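Read through the structure below, which is laid out as structure tokens, and then see the notes.
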Amino acid sequence: MIIKIKKTSEFFNKIIDVLKTGGIIALPTDTVYGFAVDGSDFDAAEKLAEIKGRDDKPFTFFLPKNKIDKYTILTKRKIIEYFIPGPLTIILKKRAGVSLPYITEKIGIRIPQVDFIIKLLSLYNKPLAVTSANLSSRDTLKSAYEIAERFSDINLVINGGNLLSRPSTVLDLTTTPPVVKRKGVTSILEIEKVYGRNIRMDNFLKFNVLFVCSGNTCRSPMAAGILKTLISERNCEVQSAGTLMMNGMTPSPNAQNIVQQYGGSITQQLSQSLTRELLEWADLVLVMEYRHYIAVLDILPRAAVKTFLLKEYKRRVKYNEISDPVGLDIDFYYKTAKDMLSSLKLIARDIERRFEKG
């Protein structure tokens with residue numbers, strides 16, 4: 001059965017009746033659709049695990065914010081207060097005596113920034129065991145109708161329209177500093193801004209850097225090519241783009257020459273235009289001029305927290321731009337590369353610190 005979101009008692013009672021009788025609901029969150037059951041019902045959780053085709057992988061638990069302390073040992077409270085509710089899943093140590101399906105020492109907590117879910121949690125007053133709406137390791141389904149068609153065992157599907165977002169970011173708060181276990185909607189730099197210093201990243205993840213200039217044939221490919229010589233591919237992926245519509249062009253011969261002298265190569269790179277998808281992909285966006293910063297925000301305003309002028313990142317300088325060498329001789333390209341080098345070294349060290357243990 002598919003139902004629309006309403007603010008009526010009948011709407012919430014219908015959901016609660018399904019949960020109380022061990023049923024499974026599909027619900028839209030502030031990221032993707034999820035499957036949910038009563039988190040205290042071990043049989044319902046086992047049934048959901050079977051439908052998902054997963055083994056004993058832990059569920060995430062939705063519960064009222066004022067109940068988090070009942071189930072977990074709170075730590076890093078500043079992060080919790082700032083980001084919850086929102087698209088962040090936090091991992092905390094489970095309190096002694098708490099019994100939840102597939103949970104041993106740690107528990108993942110999430111409260112979507114969705115009004116009807118927040119109200120449902122307060123009315124039901126029990127945790128919901130939740131997982132993404134898909135078969136294990138498959139793409140998450142994007143609409144209520146897809147879910148109803150492919151999963152006949154789901155008792156109730158709540159229609160929230162098409163959801164095209166990425167999943168929530170998963171952050172382990174049981175360590176110091178916290179560790180990102182999955183990248184998602186909440187950006188790493190936004191978390192670090194609230195936390196006050198670098199957080200760590202799980203070693204199987206990569207930190208994505210995007211350089212932006214105008215045509216994507218000189219400054220940004222040079223910066224990307226040089227940074228790749230300074231940091232391990234295991235920890236970092238680098239791309240570049242331009243604010244102008246100049247797709248498919250090779251970097252200028254002078255830019256290729258300079259990067260080669262630094263030990264790298266950009267001969268296979270082709271220019272690409274700046275897009276929302278690239279900005280979503282990036283964990284850090286570094287621009288050459290202030291007008292490029294404005295172009296980024298025009299496409300994705302919430303990228304502001306992770307976008308910087310290259311020479312301003314982690315430095316106490318303002319409006320320090322990298323001059324465009326296009327059309328000038330090789331000496332100016334040398335000067336441009338030298339102008340960027342100290343910042344690129346700082347960025348490489350900064351990224352590597354996010355993967356250091358201890």
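The values are calculated or read from the model by the stated rules, or taken from the named source; none is laboratory data. Note that the coordinates shown come from a computational prediction; the quantities given were computed from them, not determined experimentally. Counting neighbours? That spans all protein chains shown, and the Cβs are built from the backbone with ideal geometry, glycine included.
Pick out, from region 11-91, the strands (runs of 3 or more DSSP E) lying fully within it that include 1 or more residues that are in contact with a Ser or Thr (Cβ under 7 Å, 6 or more places away or on another chain).
Values: elements: 25-28, 33-38, 60-62.
Strands (runs of 3 or more DSSP E) meeting the threshold: 33-38, 60-62.
Kindly indicate whether Leu74 is of a type in the set (A, V, I, L, M) and crowded, with 17+ Cβ neighbours inside 10 Å. Give the steps one after another, and end with the answer.
On the way: of a type in the set (A, V, I, L, M): yes; crowded, with 17+ Cβ neighbours inside 10 Å: no.
No: the conditions fail for Leu74.
Within region 59-82, does at least one residue satisfy the condition of being within 23 Å of Ser152 (Cα to Cα), in the same structural domain as Lys119 (by TED's automatic domain parsing) and either of a type outside the set (Gly, Ala, Ser) or in contact with a Phe, Trp or Tyr (Cβ under 9 Å, 6 or more places away or on another chain) (or both)?
Within region 59-82, the subset within 23 Å of Ser152 (Cα to Cα) is 59-60.
Pick out the ones that are also in the same structural domain as Lys119 (by TED's automatic domain parsing) and you get 59-60.
Right, trim to either of a type outside the set (Gly, Ala, Ser) or in contact with a Phe, Trp or Tyr (Cβ under 9 Å, 6 or more places away or on another chain) (or both) and you get 59-60.
Yes, the conditions are met somewhere in region 59-82.
Take the conditions (1) in contact with a strand residue (DSSP E or B) (Cβ under 6 Å, 6 or more places away or on another chain); (2) part of a helix (DSSP H, G or I); Val285 misses just one of them, which is (2). Only one entry of Leu205, Leu230 meets the criterion of being out of contact with any Gly (no Cβ under 7 Å at 6 or more places or on another chain) and either small (Gly, Ala, Ser) or touching a residue at least 60 places away in the same chain (Cβ under 8 Å) (or both), and that entry is Leu230.
Of the residues that sit in region 221-241 and are part of a strand (DSSP E or B) and not β-branched (Val, Ile, Thr), which one is farthest from Arg353 (Cα to Cα)? Full working, then the answer.
Initially, region 221-241 is screened for residues part of a strand (DSSP E or B), giving 236-241.
Next, only the ones that are not β-branched (Val, Ile, Thr) stay: 236-237, 239-241.
Working: Cys236: 12, Glu237: 15, Gln239: 20, Ser240: 23, Ala241: 26 Å.
For region 221-241, the residue satisfying everything is Ala241.
Are any residues in region 45-62 touching a helix residue (DSSP H, G or I) at 6+ places or on another chain (Cβ under 8 Å), modelled with pLDDT under 95 and under 14 Å from Leu128 (Cα atoms), and if so, which ones? Result: Phe59, single match.
Restricting attention to region 96-129 and to residues that are at pLDDT 95 or above and part of a loop (DSSP other than H, G, I, E, B), the residue that is surrounded by the fewest Cβ atoms within 10 Å (Cβ to Cβ) turns out to be Gln113. Among the residues of region 302-337, how many are under 25 Å from Glu192 (Cα atoms), assigned to a loop (DSSP other than H, G, I, E, B), in contact with a Leu (Cβ under 7 Å, 6 or more places away or on another chain) and not hydroxyl-bearing (Ser, Thr, Tyr)? Going through region 302-337 one residue at a time, the tally reaches 3.
Among the residues of region 161-178, those identified as within 13 Å of the chain's Cα centre (by Cα) and either in a strand (DSSP E or B) or over 30 Å from Glu146 (Cα atoms) (or both) are Thr169, Val170, Leu171.
For region 136-154, filtering for residues that are outside any helix (DSSP H, G or I) and exposed (fewer than 15 other Cβ atoms within 10 Å of the Cβ) leaves 6. Take region 239-260 and flag every residue that is free of Cβ contacts under 8 Å to residues at least 40 places away in the same chain, buried (at least 21 other Cβ atoms within 10 Å of the Cβ) and within 27 Å of the chain's Cα centre (by Cα). Answer for region 239-260, where residues must be free of Cβ contacts under 8 Å to residues at least 40 places away in the same chain, buried (at least 21 other Cβ atoms within 10 Å of the Cβ) and within 27 Å of the chain's Cα centre (by Cα): Ser240, Ala241, Gly242.
Residue-wise test of (1) acidic (Asp, Glu); (2) more than 24 Å from Val170 (Cα to Cα); (3) at pLDDT 95 or above.
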{"residue": "Arg197", "(1), (2), (3)": "no, no, no"}
{"residue": "Val209", "(1), (2), (3)": "no, no, yes"}
{"residue": "Cys218", "(1), (2), (3)": "no, yes, yes"}
{"residue": "Gly225", "(1), (2), (3)": "no, yes, yes"}
{"residue": "Asn254", "(1), (2), (3)": "no, yes, yes"}
{"residue": "Tyr262", "(1), (2), (3)": "no, yes, yes"}
{"residue": "Glu277", "(1), (2), (3)": "yes, no, yes"}
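Residues in region 26-49 that are touching a strand residue (DSSP E or B) at 6+ places or on another chain (Cβ under 6 Å) and under 18 Å from Leu100 (Cβ atoms): Gly34, Phe35, Ala36, Val37, Gly39, Ala44, Ala45, Leu48.
For region 268-287, the criterion of being farther than 25 Å from Ser187 by Cβ and buried (at least 20 other Cβ atoms within 10 Å of the Cβ) is satisfied by at least one residue. Quick one: would you say Glu192 is assigned to a helix (DSSP H, G or I) and in contact with a strand residue (DSSP E or B) (Cβ under 9 Å, 6 or more places away or on another chain)? So Glu192 fails the test.
Determine whether Ile3 is part of a strand (DSSP E or B), touching a residue at least 60 places away in the same chain (Cβ under 8 Å) and surrounded by fewer than 16 Cβ atoms within 10 Å (Cβ to Cβ). Taking the combined requirement at face value, the residue satisfies it.
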